[in-house]
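Data first, discussion second: the structure below is written as structure tokens.
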Amino acid sequence: MSYEYNLPAGTVWNLIIDGKSVPAVAGRTFESRNPATGELLALVAEGDAQDIELAVQAARRAFDGPWSRFTPFQRQECLLKLADLVDENFEAFSLLDTLDMGAPISFTRGRRQRAIGMLRFYAGLCTSTNGETLPNSLPGNVFSYTLKDPIGVVGAITPWNAPLTSTIWKIGPVLASGCTMVLKPAEDAPLTALRLGELVLEAGFPPGVVNVVPGLGAEAGAALASHRGVDKIAFTGSDETGRKIIEASKGNIKRLMLELGGKSPDVIFADADLDAAVAGAGMGVFGNTGQICSAGTRILVERPIYDEFVARLSDFAAALRVGKGIDPATQIGPVVSAKQLNRIMNYIDIGLREGASIKTGGARLDDDGLREGHFIRPTVLAGARNDMRIAQEEIFGPVASVIPFDTAEEAAALANATQFGLGGGVWTQNLAKAHLMAKAIRSGTVWVNCYGLLDPVIPFGGYKASGYGRESGLHHVEEYLQTKSVVIQNG
Ligand code: NAD
């Protein structure tokens, strides 16, 4: 099999505004580079506040215009068509994600069911949202009911770590709800969102329903977050940016949905099936090169098996095949950028200074053919304590901090001693212990004897500083609806 996939070199990928492919008003572009090789993939139109203004106006016109007359069934038909188009183009999407952000092709190909399944799930929800009739106690003959109204224009701001699925996670429910949107993809991996924006038009959605404006966070992102014509921001990214978005939302009291970072605990009890726990917890932190918001980066291990677990996890990590994502045998790709690589190396240094020790990894790969990319070996830091920075701050790289505990109560207390609450894992063969820990861990999802499994029917989101709102689940579309009460005096 050939690993070659060439994007037309030097092509400029334009913004998509009002159904048209347009350059940025200011005429600027930025580079999109392959993190495995450093090579230039494409030039991308760099939107700023002027382009956001045009995109919000287009989204408003579409919201008030043709799109408002689409029936739920018509919205469903378009979403099903979009699912078919993504399915037909799935191999190209897998390659694009792999080239633009580095994930192994085996991983991006493996997301077919998730990507298509989400679009079909949201298509189903188009025809199943409804208000209620409300038997009231008012005097006289008064009838009351609720309507579910789409909120309006949504600004969606996404990260780079899973371009296709995180974009679908925004587009699917927004389109099912009848809202319109301006999507600002991450500057580190904007190509997939632009391609998806083209397919949205091909699927029959009217111009202006989905506008895609790549650009820098501090410019295009900030302009979208503060724009008074935007009714809701759906944001996925770091807690630091989330705080800026909360500030920016106050001008028009915008609704917000925030999917922020995590520092999720993965608790390994001595009675766990260790073969499963080593592999499951290992991929729970090293999968996607650690660039997963819910990664189980704090591995808490019951003391009697601590040394054995650290040794086995280190062997597992060392055996993972790190390489270019385009090679089908690669299990761990590069991280997305030089900036991200430096940040990870810096955290490893911090861990060493705090008293942790490296059991495996901890270094860049500079083998022939990999030197130009942003590669780092999966890293196990043992002797970690929960109050260390490496256990409290999100590293967003393939780095596991392994911490011992003595009792289930202590494990729960350590698991919760963090500002975050996105994911969590428990490995045990004792059912009662599994239920107790699932209840005790304060996070939006707890996985038992598995890690990181996602499905469109299962809500996903944060407790505490990991954000608010839920993606997936039967109520996801409700995030983009508001309730109107209607009260009718009948004579
Ligand atoms: P980031 O916060 O730096 O950027 C995310 C997006 O916000 C990008 O599109 C960026 O351009 C934009 N942005 C940056 N500054 C902005 C500003 N001032 N105003 C408006 N938008 C701005 O995050 P990242 O580095 O791209 O992604 C990694 C982070 O995302 C991690 O913290 C990770 O945990 C989190 N994440 C969370 C989830 C989740 O579902 N909870 C999923 C994936 C990633």
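The values are calculated or read from the model by the stated rules, or taken from the named source; none is laboratory data. Bear in mind that the values here come from a model prediction, so they are computed numbers and not experimental data. Using ideal geometry, Cβ is built from the backbone for each residue, glycine included, and neighbour counts are taken over all protein chains shown. Quick note on the areas: whole protein, heavy atoms, side chains included, nothing else; ligands and nucleic acids left out. Shrake-Rupley method; radii C 1.70, N 1.55, O 1.52, S 1.80 Å.
Remarks
- LYS232 being open to solvent by 40 Å² or more (accessible area, probe 1.4 Å) and either closer than 18 Å to TRP160 by Cα or modelled with pLDDT of 95 or more (or both): no
- Selection of the range 408-449 for residues being more than 12 Å from SER294 (Cβ to Cβ), of a type in the set (A, V, I, L, M) and part of a loop (DSSP other than H, G, I, E, B) yields ALA417, ILE441.
- If you check ILE332, ILE344, ILE403, ILE395 for being in contact with a Lys or Arg (Cβ under 8 Å, 6 or more places away or on another chain), within 16 Å of the ligand (Cβ to nearest atom) and open to solvent by less than 10 Å² (accessible area, probe 1.4 Å), only one passes: ILE395.
- Selection of the range 247-271 for residues being open to solvent by less than 10 Å² (accessible area, probe 1.4 Å) and in a loop (DSSP other than H, G, I, E, B) yields GLY261, GLY262, LYS263, SER264, PHE269.
- Any hit, the range 378-391, residues being more than 13 Å from the ligand (Cβ to nearest atom), open to solvent by less than 10 Å² (accessible area, probe 1.4 Å), part of a loop (DSSP other than H, G, I, E, B) and over 27 Å from PHE316 (Cβ atoms): no
- Within the range 219-271, the residues that satisfy the criterion of being of a type outside the set (Gly, Ala, Ser), near the ligand (Cβ under 10 Å from one of its atoms) and under 10 Å from GLY155 (Cβ atoms) are LEU224, ILE233, PHE235, ILE245.
- Candidates PRO163, PRO214, PRO150, filtered to the one that is crowded, with 20+ Cβ neighbours inside 10 Å and either more than 26 Å from CYS293 (Cβ to Cβ) or among the hydroxyl-bearing types (Ser, Thr, Tyr) (or both): PRO150
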